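K.L.:
Take a look at the following structure, please.
The values are calculated or read from the model by the stated rules, or taken from the named source; none is laboratory data. Since this is a predicted model, take the numbers as computed values, not measurements. Heads up, the Cβs are rebuilt from the backbone with ideal geometry, glycines too, and the neighbour counts pull from every protein chain shown. Accessible surface areas use protein heavy atoms only, side chains included; no ligands, DNA or RNA. Shrake-Rupley method; radii C 1.70, N 1.55, O 1.52, S 1.80 Å.
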Amino acid sequence: MFDNSEKTDIKELGEFGLIAHLTQSVQLTQASSVKGIGDDAAVLNFEGKKTLISTDLLLENIHFDLRYVPLKHLGYKAVQVNLSDIYAMNGTASQITFSIGMSSKFPLEAVEEIYEGVLLACNKYNVDLIGGDTSASHQGLVLSVTSIGYADEADITYRSGAKEGDLLCVSGDLGGAYVGLQLLEREKQIFLENPNIQPDLEGKDYIIERQLKPDARGDVVELLRQLDIKPNAMIDVSDGLASEILHIAKESNVGCTIYEDKIPLDPMTYETAREFGLDPTICALSGGEDYELLFTIPQADYDKVKNQLDITVIGHMTEASAGCQMISKSGKVHPLQAQGWNAFK
């Protein structure tokens, strides 16, 4: 929650003054950024590459809760969520635009915190901030990010390229962001009932960070290039593992079998889920916001990934008529169902 004790009213700057103030330290580092902030449009030159573009809209009390999301973390996460889509296409992210709508309750210092997070993400992922917009909002805080990237046409990976017999792989571990959210929501409720009680998050840093400050997996895209692996299909895990598997299966017209005991779970995720009376596997299948990469590779590439600690083979693609299913630890067959996060519910 932001401290309003010392604040500067944005009206003192006006829209153009605010934009100039927030972007005064922005520098362009990408060779493809010909012209950034300061004109009617940015100018980019990718010199024969295919251009990748993705946009996300984040709304207060739908996608984030300012009662426990620090503004700097919010700016950082808004950027990385969007960059994740570029990486999921097997591309290189190079630029973003960032737009913000806010009510008069937000002083200049609050907006500066959001932009600190935005620029931190830009620096970490080596992308240029090339534009955006600011506006007043009567519906709470609104953020919109557009990410731009590039790839050779032959390298672009779609959801629709999975083939029967492919191995299904996932990076990192799953379920942590969802369990971290449950922890934050619990502490929020305790705080609302008694504001004098301090939040009890000790020892839970990893899953809290998985929710508040996740990292897009551009490093995994680079690793796959180093291993000389071109995935047949790929998607980022934003809405839960099950939903993403079903997207790939539908778009590729194949089925899938995954194994519960292969799903990568961090010990903290597993233990905290149990504390909440949750099934850790369900948290991974339906939780979402992990922003790991889910991809299929030919079986011939298995030896290249089998010793990679950050990549786990969790199953394989089958004929479409077999459907999508999970083999439980006890050997039972369960159909995969999309129960991930839905903004309209």
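K.L.:
Starting from the Cα gyration tensor of region 218-327, take the square roots of the eigenvalues, sort them a ≥ b ≥ c, and report rounded, prolate or oblate (rounded when a/c is under 1.5, otherwise prolate if a/b is larger than b/c, else oblate).
P.N.:
On the way: a/c = 1.83, a/b = 1.26, b/c = 1.45.
It is oblate, given that a/c is not under 1.5 and a/b is not larger than b/c.
K.L.:
With the cut-off at 1.5 for a/c, could you classify region 273-333 from its C-alpha gyration tensor as rounded, prolate or oblate?
P.N.:
oblate
K.L.:
Let me ask something additional. From the cross-link list 50/250; 50/262; 304/332; 49/250; 124/306, which pairs have alpha carbons spaced over 32 Å apart?
P.N.:
Among 50/250; 50/262; 304/332; 49/250; 124/306, the Cα-Cα distance tops 32 Å for 50/262.
K.L.:
Nearest 10 degrees is fine. How inclined is helix 108-125 to the longest principal axis of the chain, computing both from alpha carbons?
P.N.:
For helix 108-125, the angle is close to 40 degrees.
K.L.:
Which log10 I(q)/I(0) values does the chain give at q = 0.08, 0.11, 0.12, 0.13 Å⁻¹ under the Debye formula, counting every alpha carbon as one identical point scatterer?
P.N.:
So the normalised log intensities work out to -0.42, -0.77, -0.91, -1.04.
K.L.:
Within the accessible area of the chain, what % is carbon and sulfur when the probe is 1.4 Å and the other protein chains stay in place?
P.N.:
Summing carbon and sulfur atoms, their accessible area is 48 percent of the total for the chain.
K.L.:
Still on this structure, please answer the following. Compute the acute angle (0 to 90°) between the alpha-carbon long axis of helix 176-193 and the principal axis of greatest extent of the alpha-carbon atoms of the chain; round to the nearest 10°.
P.N.:
Computed tilt is about 50 degrees.
K.L.:
In sequence order, what are the phi-derived ³J(HN,Hα) couplings for region 299-304 according to the Karplus relation 6.51 cos²θ - 1.76 cosθ + 1.60 with θ = phi - 60°, rounded to whole Hz, with x for glycine and proline?
P.N.:
4, 5, 8, 4, 4, 6
K.L.:
Using Cα atoms only, what is the angle between the long axis of helix 71-87 and the major principal axis of the chain, expressed in degrees (0 to 90) to the nearest 10?
P.N.:
It is inclined by approximately 40 degrees.
K.L.:
Roughly how many Å² is the accessible area per residue of region 44-183, as a whole number, for a 1.4 Å probe?
P.N.:
Heavy-atom SASA per residue in region 44-183 reads 38 Å².
K.L.:
Just to be sure I understand: with springs between alpha-carbon atoms less than 10 Å apart, which residue in 138, 247, 334 has the highest mean-square fluctuation in the Gaussian network model of the chain?
P.N.:
138
K.L.:
Can you check what the net charge comes to around residue 49, using other residues whose Cβ is under 12 Å from the Cβ of residue 49 (Lys, Arg +1; Asp, Glu -1)?
P.N.:
With Lys, Arg at +1 and Asp, Glu at -1, the neighbours total -3.
K.L.:
Between rounded, prolate and oblate, where does region 113-207 land on the alpha carbon gyration tensor, with a ≥ b ≥ c its root eigenvalues, rounded for a/c under 1.5, else prolate if a/b exceeds b/c?
P.N.:
Verdict is oblate for region 113-207.
K.L.:
Given a Förster distance of 41 angstrom, what is the FRET efficiency for residue 259 paired with residue 35, based on the Cβ-Cβ distance and rounded to 0.05?
P.N.:
0.20
K.L.:
With every protein chain left in place, what is the accessible area per residue of region 234-341 in square angstrom, probe 1.4 Å?
P.N.:
46 Å²
K.L.:
Any idea what the dipole of the chain comes to, in debye rounded to 20, about its Cα centre with Lys/Arg Cβ at +1 and Asp/Glu Cβ at -1?
P.N.:
That gives the chain a dipole magnitude of about 580 debye.
K.L.:
Please list, ordered by chain and number, the residues whose modelled amide H lies under 5 Å from the amide H of residue 314; skip anything fewer than 5 residues away on the same chain.
P.N.:
The answer is 168, 169, 170.
K.L.:
Under a crude label model (7 Å from the Cα following the beta-carbon direction), how far is residue 226 from residue 206 in nanometres?
P.N.:
2.2 nm
K.L.:
Let me ask another. Calculate, for residue 138 and residue 67, the FRET efficiency according to 1/(1 + (r/R0)^6) with r their C-beta to C-beta distance and R0 35 Å; round to the nearest 0.05.
P.N.:
In this case the efficiency is close to 0.95.
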